[in-house]
1. Cβ-Cβ distance below 8 Å, separation of 6 or more or different chains: which pairs start in the stretch 448-470 with a residue that is under 16 Å from Ala381 (Cα atoms) and end on one that is among the hydroxyl-bearing types (Ser, Thr, Tyr) and open to solvent by 60 Å² or more (accessible area, probe 1.4 Å)?
2. Could you grab me the full set of residues in the stretch 97-128 that are within 10 Å of the chain's Cα centre (by Cα) and within 21 Å of Ala178 (Cα to Cα)?
3. Regarding Phe382, is this residue open to solvent by less than 10 Å² (accessible area, probe 1.4 Å), part of a strand (DSSP E or B) and in contact (Cβ under 8 Å) with a residue 12 or more places away in the chain?
4. Looking at (1) open to solvent by 40 Å² or more (accessible area, probe 1.4 Å); (2) at pLDDT below 85; (3) of a type in the set (A, V, I, L, M, F, W, C), which one does Trp58 not meet, given that it meets all the others?
5. When you scan the stretch 108-216 for helices (runs of 4 or more DSSP H) that lie fully inside it, which ones turn up with 2 or more residues that are open to solvent by less than 50 Å² (accessible area, probe 1.4 Å), over 30 Å from Gly67 (Cα atoms) and touching a helix residue (DSSP H, G or I) at 6+ places or on another chain (Cβ under 9 Å)?
6. Any chance you could count how many residues in the stretch 261-281 are open to solvent by 40 Å² or more (accessible area, probe 1.4 Å) and in contact with a helix residue (DSSP H, G or I) (Cβ under 8 Å, 6 or more places away or on another chain)?
7. On the basis of being modelled with pLDDT of 80 or more, under 25 Å from Glu397 (Cβ atoms) and more than 22 Å from the chain's Cα centre (by Cα), does Asp50 make the cut?
8. Given the stretch 241-351, what helices (runs of 4 or more DSSP H) lie entirely inside it while holding 3 or more residues that are free of Cβ contacts under 8 Å to residues at least 12 places away in the same chain?
Amino acid sequence: MLTAVSRPWWETRWCIALALVLTAAPLLWPAIPPLTDLPAALVRYRGMLDAGVGSGAWCLAQRRPCGADLLVMGLAPLIGLVPTVKLVAVSIPVIAAAGMLWLSREAHGRVQPVAYLALPFAYHPAFLHGRIDVALAMALALNMVALWMRLARKRQARAGVFVVLSAVVCVVHPLGWASLGVMIFAAELVRARAVERDTVRRGWAESGWRAAVNCLPIAPPALMLLAWRPGGVDGGWLAALALKPGWVLGALRDRWRLLDWASIVLVVLMIHRSYQDRRFVHAPMLAAAAVGLLVLLVAVPSGPGGAAMATAPYAIVLALLSIRFNARVPQRRRAELAWAALAFLMVRTVAGTASFAAESRDWTRHLAALDHVPRGARVAAFVGQACVQPWRTPRTEFLPDIALLRGIALDRAQIVTDAPCTDRPQVRTLAQALTDLPRTRYDLIWLITPGQIDPARLGDVRLAWSDGRDVLFALPHARPPR
C-alpha cells in the first residue's frame, strides 16, 4: 500500500502565503508609497485622467512605457487615484515574489529552501526610485519565464500565448520584454546544448539557432520599440558602464548601509558556496538566464535612476533560484537552510517596513509647508542635496509635485546644493538658484532641506513657515494664507 509523502513545510501553501504577505508588508502602512519618482507620476496620472483620452491614444501620445498608466486609467475611477497607485505599488513586489517561487518550482520540481533568500530583491533600487513601469515589467517577465518552462511540452500553445504576453510586457516597459527574451534565449540555448547525439553534444551554433527559432514568438514586440523614446546618460555607454558594478553590489540598497552590505555579502557567499560544495547542484537553464541578464546589464546604456539597473538584482535572483540540494542531503539540512532563508526574509521585511515608515514620516513633515500655502499661489521649490549622495538616497527630488495635486501652481522643483559639485555640474547651488529666480512670477519660495542659506541672496522676503529644517518664504506681493 502506497502512503502519501507529506511535503516539507517550506513547500506548503501557508508558508508560501506567509512569504507573499511578508513581501507586501513594508508598503502597507504609508498612505502614499514613499518612492522617489512617485509624486511626479501622480501628477502625470492626474493629467491623464483629467484629459479623458482613451488608453490607446494615451500610449501613442506618450511614446513611453505606459503599463502602469493603463492600470491607473482602469482602476482610478473606481477606487480613487492615490489608492490605485498604492495598490499597484504594493502588488509589484508580490508579483515578483510569486514569480520567484513559481520559477523555483518549475526549474526543480518543487520550491527550494534557498528561494526564500531571493524574495527581498523584490525591493530593488529601481523600484525604490519609483520606476514602477520597469519594476512591474521585470516582475511580469519573471513569471513569464516560469510559464514558458511550464508549457515546455505544449510548444504550439506556448507560441500563441507568448505572442500576446510578450507584447503585454513590452507595453509595460521594453526592458521587461528584452529581459524576457534574453532569459528565455539563454535557457533554451543550454537546453538545446544539453542534447547529445552518439555521446556528442550539439554545437553552440546549432544550439543557438534552435534557441533563436524557439524565441520567435517573443520577437514581434520589437516593432513597438520604433515608437519608444529611451533615456540615457551624457557620455554614452562607457559613462553608464562605470555605474553598473555598484548596481550589482547595491542590489539591496535601502537605508542602513551595514545591514544592506551584510545582506548582499550573505547572498554572495551562498551563491559562491553552492559552486564549491558538492551537496549543491544547479538548474542550468536558470544559471544561464542569470548570465544572460548580466550581459544585458552591460550592453544597455542607462544612467542613474535608469531602467537598466533593474536587471542587476534579477540576475542575482536567478543565480539564487538555480540552487538546490542534491538528492542525498537529508531533510534536516534542507530545513535548516529554509529556516535561515525565512529568517533573512523576515529581517529584511522588518527593516524595509521601518525604512518606509520613516520615509513616510519625513514626507509628511516636508509636506506640512503646504498647509501654509494659499490655494492657487505660485511657488518656486528647491530641494537641497549633498554633492556626494549618502547610502540612503534622498527620496524628496519630486516631492514638491504633490503641491500640484492640491491646486498650487508649481514649476518643477529644482535640485540645489550648498557648493558646486564637480561630478554634477548641471546642478546649481542654492545661491545661484535664488539669484536667478524671476521673483515676479512667484508668491512663495519653498526650501526643502536647504542647508546653508545666505540672507543676502533671499532679498526682501518674510518668513511664512519653518520647522527648523524646511523653510517657506513669502515674497512681498504674496497673499496671506487662508
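1. Arg457/Thr435
2. Listed by number, the residues that qualify are Phe121, Ala122, Tyr123, His124, Pro125, Ala126, Phe127.
3. For Phe382, the condition - open to solvent by less than 10 Å² (accessible area, probe 1.4 Å), part of a strand (DSSP E or B) and in contact (Cβ under 8 Å) with a residue 12 or more places away in the chain - is met.
4. (1)
5. Working: elements: 115-118, 125-128, 132-150, 155-172, 174-193, 204-214.
Here the list reads 174-193, 204-214.
6. So the answer is 2.
7. yes
8. Working: elements: 244-249, 257-276, 284-299, 311-321.
Hits in the stretch 241-351: 257-276.
The values are calculated or read from the model by the stated rules, or taken from the named source; none is laboratory data. Because the structure is a prediction, the values reported are computed rather than measured. As a convention, Cβ positions derive from the backbone with ideal geometry for all residues, glycine included, and neighbour counts pool all protein chains shown. Calculation scope for accessible area: heavy atoms of the full protein, side chains included, ligands and nucleic acids excluded. Shrake-Rupley method; radii C 1.70, N 1.55, O 1.52, S 1.80 Å.
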